[in-house]
Amino acid sequence: PSPRSEPIQSICCIGAGYVGGPTCAVLAWKCPNICVTIVDISQERIDAWNSDELPIFEPGLEEIVKSRRGKNLFFSTDIDAAIIAADLVFVSVNTPTKTRGVGAGYAADLQYVEAATRRIALLSTKSKIIVEKSTVPCRTAESMRAILDATSPRPGVHFDILSNPEFLAEGTAVQDLLKPDRILIGALNTKSGKLAQDRLANVYATWVERSAIITTGLWSSELTKLAANALLAQRISSISSLAAICEKTGAEIDEVARGCGKDSRLGPHFLKAGLGFGGSCFQKDIFNLIYLAETFSLQPVADYWRQVLVMNEWTKASFSRTIIRHMFSTVSNKKIALLGFAFKKDTGDTRESPAISIARDLLVEGAEVYIYDPKVSERNMRQCLGAFSNFHFSSSVEAAALNASAVVVATDWDEFKPSSSSGKTAAAIDWTSIYANMNRPAFVFDGRGILDTAALQNIGFKVHTVGRGNLV
Ligand code: NAD
């Protein structure tokens with residue numbers, strides 16, 4: 001067989017972030033015969049991947065990395081060497097929203113994808129498969145193709161471009177990678193494209209059932225990633241909008257969600273009301289979709305998806321306003337404990353975290369905000385809120401809540417939830433002792449709907465839960 005139909009033996013992943021790191025660590029774990037090198041321009045990040053303190057927290061990830069590191073899994077800043085050796089290169093760099101110029105605020109900034117593509121083109125001395133792992137606008141592979149064709153100087157070196165978007169969710173990345181709902185591989189409908197698609201499919205088939213590996217055209221695959229994130233975000237905005245109606249009517253959002261979720265056409269997932277969505281992807285990918293629609297003069301389509309973002313911003317702002325209103329319309333100089341700063345549980349990632357918006361709203365109003373999060377460092381919090389002198393880092397729930405007027409739950413960490421083992425009213429957090437050390441009235445604002453409202457009210461707290469009627 002020609003080298004272009006042989007099994008993949010060497011993989012390079014450009015970008016050692018939240019996607020590149022876990023994705024390729026799991027791949028190395030499941031495919032011990034493939035040599036996997038994950039590279040990055042950030043020395044700090046690579047050093048962390050090579051240390052005992054990985055740069056990102058994901059349940060189960062540390063064990064996997066440690067079991068393969070130095071065997072068939074390597075982290076390096078020698079990008080060129082890894083590209084040269086690879087049969088297949090994942091491009092897993094960041095694709096943030098552009099902050100200036102044409103399309104600012106909406107279009108994806110593809111400078112990192114372009115830089116990686118140029119590097120591959122310049123260095124390759126043998127044919128390679130290049131895989132878009134990053135989330136990119138629809139038809140990005142076309143630009144990559146043009147860059148490769150114009151830059152690659154070597155005859156006989158052929159590149160196939162595949163789209164293989166990543167659907168992992170932070171906090172459950174390892175589980176999602178081990179048992180993905182689906183693996184999507186898009187290719188051009190050519191002999192060469194199909195061959196490349198098969199070779200990547202064979203890698204995944206080592207641990208993923210064939211029926212879960214979907215092959216599509218290149219443009220469908222690129223668009224599917226944007227579409228999936230837009231639909232998930234839309235569902236959160238939908239439940240946020242209904243939670244707002246619940247708060248005015250006495251209906252309870254969890255009951256409404258349960259009633260709706262039992263409809264098999266709707267299903268039970270992604271119906272938990274809270275502070276809207278956060279994280280680095282949903283907003284960015286909807287911006288991307290809006291930009292795509294506007295580029296093709298599809299204004300109603302752009303407006304439709306824009307409303308999902310409007311709803312999300314409103315959800316966060318409305319929660320902050322509720323806190324302030326209940327606290328007699330002023331939080332100036334009041335101590336408020338904010339529990340959770342990550343955008344969701346089981347991750348230390350704070351990108352677009354709703355907690356940042358809530359914290360900022362309260363800090364602007366003059367509150368002394370004490371923040372505790374099990375996985376977010378003080379340094380990370382300072383990067384987000386450093387401009388405010390009234391922000392404080394706390395190393396425990398108790399320290400954050402001592403002498404506070406209110407406790408605000410902003411992230412759904414399990415350690416904030418009532419412990420199921422010791423019954424519904426017993427809490428992992430000792431709310432009775434927290435109450436004893438708080439100012440009166442002592443408020444709890446549950447932005448994630450995870451606390452036992454009745455138990456807290458019995459202790460004496462005044463509780464507001466998102467989507468659950470008025471404060472009592
Ligand atoms: P990230 O910022 O954590 O990681 C990207 C890494 O790429 C950074 O460490 C950066 O230094 C590196 N990089 C940039 N340019 C480089 C270059 N030319 N050479 C080498 N390294 C370079 O980003 P992420 O969260 O891992 O996301 C990566 C992509 O995956 C994005 O397109 C994102 O939309 C997508 N995605 C993210 C998630 C998620 O949950 N975070 C899920 C699915 C898809």
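The values are calculated or read from the model by the stated rules, or taken from the named source; none is laboratory data. Everything numeric in this text was worked out from a predicted model, so none of it was measured. For neighbour counting, all protein chains shown are included, and Cβ atoms are generated from backbone atoms with ideal geometry for every residue, glycine included.
Considering only the range 404-414, I want to know if a residue exists there that is surrounded by fewer than 19 Cβ atoms within 10 Å (Cβ to Cβ), in the same structural domain as F461 (by TED's automatic domain parsing) and in a loop (DSSP other than H, G, I, E, B).
No, because not a single residue in the range 404-414 is surrounded by fewer than 19 Cβ atoms within 10 Å (Cβ to Cβ), in the same structural domain as F461 (by TED's automatic domain parsing) and in a loop (DSSP other than H, G, I, E, B).
Name the pairs: first residue in the range 165-192 and within 22 Å of G278 (Cβ to Cβ) and in contact (Cβ under 8 Å) with a residue 40 or more places away in the chain, second residue of a type in the set (A, V, I, L, M, F, W, C) and near the ligand (Cβ under 9 Å from one of its atoms), Cβ to Cβ under 6 Å, at least 6 apart or on different chains?
Matching pairs, first to second residue: E166/V19; L177/L168.
For the range 280-303, indicate whether the set of residues that are in the same structural domain as F443 (by TED's automatic domain parsing), in contact with a Leu (Cβ under 9 Å, 6 or more places away or on another chain), away from the ligand (no atom under 16 Å from the Cβ) and part of a loop (DSSP other than H, G, I, E, B) is non-empty.
So far as the range 280-303 goes, no, none of its residues is in the same structural domain as F443 (by TED's automatic domain parsing), in contact with a Leu (Cβ under 9 Å, 6 or more places away or on another chain), away from the ligand (no atom under 16 Å from the Cβ) and part of a loop (DSSP other than H, G, I, E, B).
Taking the criterion of being on the phi > 0 side of the Ramachandran plot, outside the structural domain of E352 (by TED's automatic domain parsing) and touching a residue at least 12 places away in the same chain (Cβ under 8 Å), would at least one residue in the range 199-222 satisfy it? So that I can check it myself, show each step before the final result.
We begin by selecting, within the range 199-222, every residue on the phi > 0 side of the Ramachandran plot; these are none.
Among the residues of the range 199-222, not one is on the phi > 0 side of the Ramachandran plot, outside the structural domain of E352 (by TED's automatic domain parsing) and touching a residue at least 12 places away in the same chain (Cβ under 8 Å), which makes the answer no.
Output the qualifying pairs, or none if there are none: Cβ atoms under 8 angstrom, residues six or more apart or on different chains, first residue in the range 113-125 and in the same structural domain as I14 (by TED's automatic domain parsing), second residue assigned to a helix (DSSP H, G or I) and within 12 Å of the ligand (Cβ to nearest atom).
Every condition considered, the pairs that remain are V113/T140; R119/I79; R119/D80; R119/I83; I120/I83; L123/D80; L123/I83; S124/I83.
Where in the range 1-116 are there helices (runs of 4 or more DSSP H), lying wholly inside it, with at least 2 residues that are within 24 Å of R351 (Cα to Cα)?
20-30, 43-49, 61-68
To keep it simple, each residue is scored yes or no on (1) surrounded by fewer than 19 Cβ atoms within 10 Å (Cβ to Cβ); (2) modelled with pLDDT under 95; (3) under 15 Å from the mean Cα position of the chain (by Cα).
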| residue | (1), (2), (3) |
| --- | --- |
| R325 | yes, no, no |
| S332 | yes, no, no |
| D346 | no, no, yes |
| P354 | no, no, yes |
| S357 | no, no, no |
| R360 | yes, no, no |
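Checking the condition buried (at least 17 other Cβ atoms within 10 Å of the Cβ), of a type outside the set (S, T, Y) and within 16 Å of the ligand (Cβ to nearest atom), which residue from L168, L178 passes?
The conditions single out L168.
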